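Colleague: The following block contains the structure, expressed as structure tokens.
The values are calculated or read from the model by the stated rules, or taken from the named source; none is laboratory data. Model, not experiment: these values are computed from the prediction. Virtual Cβ from ideal backbone geometry, glycine too; neighbours counted across all protein chains shown. SASA here: full protein model, heavy atoms, side chains in, ligands and nucleic acids out. Shrake-Rupley method; radii C 1.70, N 1.55, O 1.52, S 1.80 Å.
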Amino acid sequence: MESESALTETLRTRASRTAHWIRSSEGLAAAGVVLGLVAIELIGRRLPAEWSLVPAWVAFIALFRALQGPALGRLLRWPRSLTARLGIAGQRTLSRLRSASFQGGADLRGVPELPRAVPGLLIATAVAPWVVAASFLLASDLPQRFAADLHTRVFLLHALLVGGVWIAAAALTCGFAVLTLGTIHDGLYEPLRRRGSLRPEQEHALQGGLVLGWSALALFSPTPWMVLLGLCAAALALGLLSLPIGVDLQVAWNTAAEARLRTCSFLTALRLRTLGGIGCALAVVLAARGEPATLGTIAIPPLTFTGGMGALLAGWGAAAALAALSLTAQVTAARWSFSRARRAPVTLRAAMRPPQSGRLANRLRQVDFGLQWGRRRRRAGDVRVNLGEAQELALAPHPRERMTAGAGPDEPGHAPRRRSARLHRRSLLFGLRRAFSAARAQATPRVDGFWVGPWHWFERAVWSSGGEEEGTARCFDSDLGPTYATVLDWRSRAYMAQVCRRLEVDHIFVERGVSVDSLIRTVEMLFELDDLFGGSTRAEERHFRGIPGAQILIHEQPGEPRWLPRGFPDTDHDELARARILHLFRERGGQHERSSPRTPSRNVPLIGSGR
């Protein structure tokens with residue numbers, strides 16, 4: 001027993017001495033770390049900038065890994081303490097940014113009207129890059145002189161700053177490449193694949209060839225040309241967004257610090273983002289001054305964007321600007337088409353042109369009718385009349401004000417307007433059947449519902465709901481089936497917008513499993529309600545009883561508490577979206593107790609091809 005106690009005492013003594021030695025080695029380890037940093041500083045000052053940065057970064061990474069490892073981690077407590085403090089500071093900064101950030105949703109109701117305001121963060125991100133660019137422009141030699149002074153005086157800080165710039169440039173380059181390739185995939189490859197003209201392996205080969213080809217072009221082309229191309233594309237996109245077309249979308253938003261709802265124009269937000277992007281590009285170009293360059297006969301301020309990373313950033317930035325320009329052009333085309341369709345009168349189409357056709361057309365235009373001659377292709381809503389009917393309509397007494405679609409049956413022009421409405425409805429039902437049938441066929445098992453809203457100008461096609469982004473084959477949106485522009489006329493969509501506005505239906509959600517016939521019957525009942533009430537009564541759930549295989553629920557968000565009967569799937573509304581939504585659920589037997597739904601996870605579709 002005495003020998004065992006002596007052995008235990010010896011082991012305790014040796015353990016105590018070892019622990020004391022480890023504690024005394026902390027100073028030695030700290031001295032080693034300081035000597036390593038001093039060595040990096042001294043060696044880096046004496047080497048050229050292009051040769052010293054990469055070894056310095058490698059040494060930084062190795063030293064950081066060693067400090068975080070178990071060997072030095074037991075000897076030095078301050079690296080872990082410093083990392084913890086930096087983490088706390090980062091969390092505080094993120095919390096402040098979250099409090100200043102905003103979240104929003106589509107304001108499809110507009111009633112009651114909310115105060116108009118632009119988020120302060122949007123204004124700051126649009127103005128700050130221009131302030132930085134102006135400072136670089138006023139102090140033209142500041143960036144180059146500052147970098148040279150840092151390299152010769154505080155090399156460690158210079159290496160860290162340049163490393164951060166290169167990491168940011170690499171991240172921006174990857175982001176620009178993803179935006180460009182995703183836009184090309186959604187706009188070109190995915191429609192070809194859907195039609196069976198492109199196999200997945202062919203798409204991968206094309207995408208790889210595009211990445212290599214454009215990267216080579218960016219590396220071997222004059223970088224100022226790429227910068228100028230990107231700036232011109234961004235400026236053109238800003239000009240398209242600023243066209244006074246008269247069609248816009250309001251977004252309801254608030255901040256984490258202030259729950260009061262306000263509205264902002266979606267196009268204004270896009271303009272500010274585009275303006276901020278142009279300012280960032282100018283700031284980067286002006287900050288990267290070095291050797292002078294020329295664009296033909298135009299002298300360009302000195303640029304150091306001749307290196308590999310700078311050239312790739314400029315090239316893919318120009319590609320991303322072109323992709324953004326294409327998306328902006330699609331948005332502008334949709335706004336322009338909807339604006340024209342909304343103002344278009346009912347068109348009368350006659351086969352024979354009389355001698356005084358101009359006077360007849362002018363007279364019909366005064367009473368809000370258009371007149372076309374010949375046997376050209378008919379558009380949706382065009383009413384065929386003979387020459388006598390057109391002359392009788394033009395010579396009949398009309399009120400001075402423009403006639404409305406709700407004119408009585410005894411009013412002049414009621415019959416052709418009614419025939420035009422029936423033609424629009426027939427076109428809408430046929431196009432919706434095509435679009436929804438194709439969307440159901442393309443939906444994956446992840447999709448549990450569909451958003452239908454062809455009367456909105458910002459809707460491109462049927463949207464999928466629920467599941468993950470892998471529910472569709474697209475990169476940036478959840479569109480399914482053909483676009484509305486290919487199966488529906490814009491004038492028919494504008495007509496349905498008037499009907500849904502009178503009935504106060506802002507969106508339609510269709511649960512997976514509801515048949516196409518149920519959706520078509522629901523839209524037919526919307527038309528019947530519009531004929532019956534003429535805008536005096538909005539659509540209610542009791543009006544849609546008897547639709548086979550479907551149960552209709554109407555909810556207003558966020559004017560009413562969001563609830564659903566138990567056993568019904570929750571739909572992905574946005575918390576801030578203001579909309580009155582008509583839901584088509586699969587018919588479930590028995591009585592259902594209403595209960596509060598779970599927290600929403602995704603947004604009501606905001607702009608048809610993207611969020």
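Colleague: Answer with yes or no whether Glu389 is over 30 Å from Asp479 (Cα atoms) and modelled with pLDDT of 75 or more.
Modeller: On the way: over 30 Å from Asp479 (Cα atoms): yes; modelled with pLDDT of 75 or more: yes.
So Glu389 passes the test.
Colleague: Filter segment 107-118 down to the residues that are out of contact with any helix residue (DSSP H, G or I) (no Cβ under 8 Å at 6 or more places or on another chain) and either of a type in the set (Asp, Glu) or open to solvent by less than 80 Å² (accessible area, probe 1.4 Å) (or both) and list them by number.
Modeller: Narrowing segment 107-118 to residues out of contact with any helix residue (DSSP H, G or I) (no Cβ under 8 Å at 6 or more places or on another chain): 107-117.
Result: Asp107, Leu108, Arg109, Gly110, Glu113, Leu114, Pro115, Ala117.
Colleague: Just to be sure I understand the filter: pairs with C-beta atoms under 8 Å, separated by 6 or more residues or on different chains, first member in segment 170-187 and closer than 16 Å to Trp214 by Cα, second member among the aromatic types (Phe, Trp, Tyr) and open to solvent by 60 Å² or more (accessible area, probe 1.4 Å). Which pairs pass?
Modeller: These pairs meet every condition: Gly182/Phe476; Thr183/Phe476.
Colleague: Select from segment 188-207 the residues that are open to solvent by 30 Å² or more (accessible area, probe 1.4 Å) and either in the same structural domain as Thr483 (by the TED database) or without any contact (Cβ under 8 Å) to a residue 12 or more places away in the chain (or both) and list them in ascending order.
Modeller: Of everything in segment 188-207, those that are open to solvent by 30 Å² or more (accessible area, probe 1.4 Å) and either in the same structural domain as Thr483 (by the TED database) or without any contact (Cβ under 8 Å) to a residue 12 or more places away in the chain (or both) turn out to be Leu188, Pro191, Leu192, Arg195, Gly196, Ser197, Arg199, Pro200, Glu201, Gln202, His204, Ala205.
Colleague: Any residue at all in segment 254-276 that's surrounded by fewer than 20 Cβ atoms within 10 Å (Cβ to Cβ) and more than 27 Å from Ala106 (Cβ to Cβ)?
Modeller: No; the residues of segment 254-276 include none that is surrounded by fewer than 20 Cβ atoms within 10 Å (Cβ to Cβ) and more than 27 Å from Ala106 (Cβ to Cβ).
Colleague: For segment 530-542, which residues satisfy the criterion of being in contact with an Asp or Glu (Cβ under 9 Å, 6 or more places away or on another chain) and open to solvent by less than 40 Å² (accessible area, probe 1.4 Å)? Before you say what the answer is, go through the steps one by one.
Modeller: Let us first name the residues in segment 530-542 that are in contact with an Asp or Glu (Cβ under 9 Å, 6 or more places away or on another chain), namely 538-539.
Answer for segment 530-542, where residues must be in contact with an Asp or Glu (Cβ under 9 Å, 6 or more places away or on another chain) and open to solvent by less than 40 Å² (accessible area, probe 1.4 Å): just Ala539.
Colleague: Just to verify a result, which residue in segment 71-96, among those that are open to solvent by 100 Å² or more (accessible area, probe 1.4 Å) and part of a helix (DSSP H, G or I), is modelled with the lowest pLDDT? Before the answer, list the steps.
Modeller: In the first step, residues of segment 71-96 are kept if they are open to solvent by 100 Å² or more (accessible area, probe 1.4 Å); the result is 74, 77-78, 80, 85-86, 91-92, 96.
After this cut, where a residue has to be part of a helix (DSSP H, G or I) as well, the list is 74, 78, 80, 85-86, 91-92, 96.
Values: Arg74: 54, Trp78: 61, Arg80: 66, Arg85: 76, Leu86: 73, Gln91: 79, Arg92: 80, Arg96: 74.
Within segment 71-96, the match that is modelled with the lowest pLDDT is Arg74.
Colleague: Out of all the residues in segment 472-496, which are part of a helix (DSSP H, G or I) and open to solvent by 10 Å² or more (accessible area, probe 1.4 Å)? Explain how you work it out, then say what you get.
Modeller: Initial filter on segment 472-496 (part of a helix (DSSP H, G or I)): 484-487, 490-496.
Result: Ala485, Thr486, Val487, Trp490, Arg491, Tyr495.
Colleague: Here is a follow-up. Please list, ordered by first then second residue, the pairs with beta carbon atoms under 7 Å, 6 or more apart or interchain, first in segment 533-546 and assigned by the TED database to the domain that holds Leu519, second of a type in the set (D, E, K, R) and open to solvent by 50 Å² or more (accessible area, probe 1.4 Å).
Modeller: As it stands, the answer is Gly535/Arg502; Arg538/Glu504; Ala539/Glu504, since those pairs meet every condition given.
Colleague: What about Phe527, is it over 13 Å from Leu582 (Cβ atoms), touching a helix residue (DSSP H, G or I) at 6+ places or on another chain (Cβ under 7 Å) and in contact (Cβ under 8 Å) with a residue 12 or more places away in the chain?
Modeller: Values: over 13 Å from Leu582 (Cβ atoms): yes; touching a helix residue (DSSP H, G or I) at 6+ places or on another chain (Cβ under 7 Å): yes; in contact (Cβ under 8 Å) with a residue 12 or more places away in the chain: yes.
Yes.
Colleague: Quick check on segment 226-243. Is at least one of its residues more than 27 Å from Leu275 (Cα to Cα), open to solvent by 40 Å² or more (accessible area, probe 1.4 Å) and not in a helix (DSSP H, G or I)? Give the derivation first.
Modeller: From segment 226-243, those more than 27 Å from Leu275 (Cα to Cα) are none; that's our starting set.
No, the conditions are met nowhere in segment 226-243.
Colleague: I'd like the full set of residues that are touching a strand residue (DSSP E or B) at 6+ places or on another chain (Cβ under 8 Å) and closer than 30 Å to Pro558 by Cβ, limited to segment 206-255.
Modeller: Asp248, Leu249, Gln250, Val251, Ala252, Trp253, Asn254, Thr255
Colleague: Within segment 508-519, does at least one residue satisfy the condition of being part of a helix (DSSP H, G or I), small (Gly, Ala, Ser), at pLDDT 90 or above and farther than 28 Å from Phe266 by Cβ?
Modeller: Going residue by residue through segment 508-519, those that are part of a helix (DSSP H, G or I) are 516-519.
Adding the requirement that they be small (Gly, Ala, Ser) leaves 518.
Imposing the further condition that a residue be at pLDDT 90 or above reduces the set to 518.
Narrowing the set further to residues that are farther than 28 Å from Phe266 by Cβ leaves 518.
Checked segment 508-519: at least one residue is part of a helix (DSSP H, G or I), small (Gly, Ala, Ser), at pLDDT 90 or above and farther than 28 Å from Phe266 by Cβ.
Colleague: Under 6 Å between Cβ atoms, which residue pairs at least 6 apart in sequence (or on different chains) link something in segment 117-128 that is touching a residue at least 24 places away in the same chain (Cβ under 8 Å) and β-branched (Val, Ile, Thr) with a partner that is surrounded by 14 or more Cβ atoms within 10 Å (Cβ to Cβ) and part of a helix (DSSP H, G or I)?
Modeller: Thr125/Gly276
Colleague: Could you tell me whether any residue of segment 406-418 is modelled with pLDDT of 85 or more and surrounded by fewer than 17 Cβ atoms within 10 Å (Cβ to Cβ)?
Modeller: Going residue by residue through segment 406-418, those that are modelled with pLDDT of 85 or more are 416-418.
Cutting the leftovers down to surrounded by fewer than 17 Cβ atoms within 10 Å (Cβ to Cβ) gives us 418.
Looking for residues that are modelled with pLDDT of 85 or more and surrounded by fewer than 17 Cβ atoms within 10 Å (Cβ to Cβ), one finds at least one in segment 406-418, hence yes.
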